[in-house]
Each structure stands twice: as structure tokens, then as C-alpha cells.
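Trainee: Next up is a structure, given as C-alpha cells.
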Amino acid sequence: MKGQCLCGSIEVEASDQTDLSVCHCTTCRRWAGGPMFAVHCGADVRFSGGTPSRYQSSDWAERGFCSHCGTHLFYCLLPTGEYVLPVGLFQEQDFSFASQIFIEEKPGYYDFSNQVKTLTGQQVFEQFAPK
């Protein structure tokens, strides 16, 4: 998969993914202005053209963005180096809505009609904890 930020100065490349997840955590909603629609791409993600700015948003993760246009580029798990990328970066890719995470933090003012797997924050931490 290949994508880019809004201004095109940073390009991203990752292995093809088809499943997208929606995160309802308060940090993602504050960062994205709503739930974050994202694809889990693992550690093999490459950025070119420019270097993303990084912000450590918690003890376990950092978020990246283009310092020129502000486009959100990633959420990265520090213990494993795994990247979660906003689905909007990839305009040519087709995705399937697979899951919703941090479901207990979803506010009541929106709902999705898709019947997908849901995970609490605790279940997410257990799933991605280093083994």
C-alpha cells in the first residue's frame, strides 16, 4: 500500500492490508476530532520524502504527523515498533470494517450499523502486549 499526507511531502508505504479498525479512545478522538479509522500495518512501514514529526502521547505510544500540513501519519506502539496508520492516507486501497476498539470509551452521540468485533481497552492491551 502506498499513501501520502495532504501536501504530498511525506509518502508512506506498508504491506497490503484489508481490515480496518475504528478506535474510540479519548486520545484518538481528541487527536482526530472523532474516532480514528485505522489499519494495523506492523513494524514494516517506510516513510519517504520527509521525516514525520513525532509526539509521545503516552508511556507506550507515539503519534506522527507531517510538520508541513499537519496530516496524521501514524500511531506507533513503542514496545513493539508496530504502526497503526489512518485509513485516509490510502486513497486507492479497498478496506473491510473489521473491528472497533476501546468500545467502552465510545460516546453516545454516534453509532455504526456494521456488525463487527468489539474490544475494550483492556482487551486491546492484552492482545498487543509484548510476549
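Trainee: Using Cβ contacts closer than 10 Å as the measure, can you line up Asp19, Asp59 from fewest to most? Walk me through the numbers before you get to the answer.
Mentor: Numbers: Asp19 13, Asp59 7.
The most exposed by this proxy come first: Asp59, Asp19.
Trainee: Would you mind telling me the antiparallel percentage of the DSSP bridges in the range 16-131, rounded to 5?
Mentor: Rounded to the nearest five, the antiparallel share is 70 percent.
Trainee: As a test of the formula, what do you get for the chain when each DSSP H run with n ≥ 4 contributes -39,500 (n - 2.57) and the sum is divided by the residue count, at 222 nm and rounded to the nearest 500 deg cm²/dmol?
Mentor: -3000 deg cm²/dmol
Quick note: the coordinates plus some simple rules give every number you see, no bench work behind them. On a predicted model such as this, the values are computed, not experimentally measured, just so you know. Ideal geometry is used to build each Cβ from the backbone, glycine not excepted, and the neighbour counts take in all protein chains shown.
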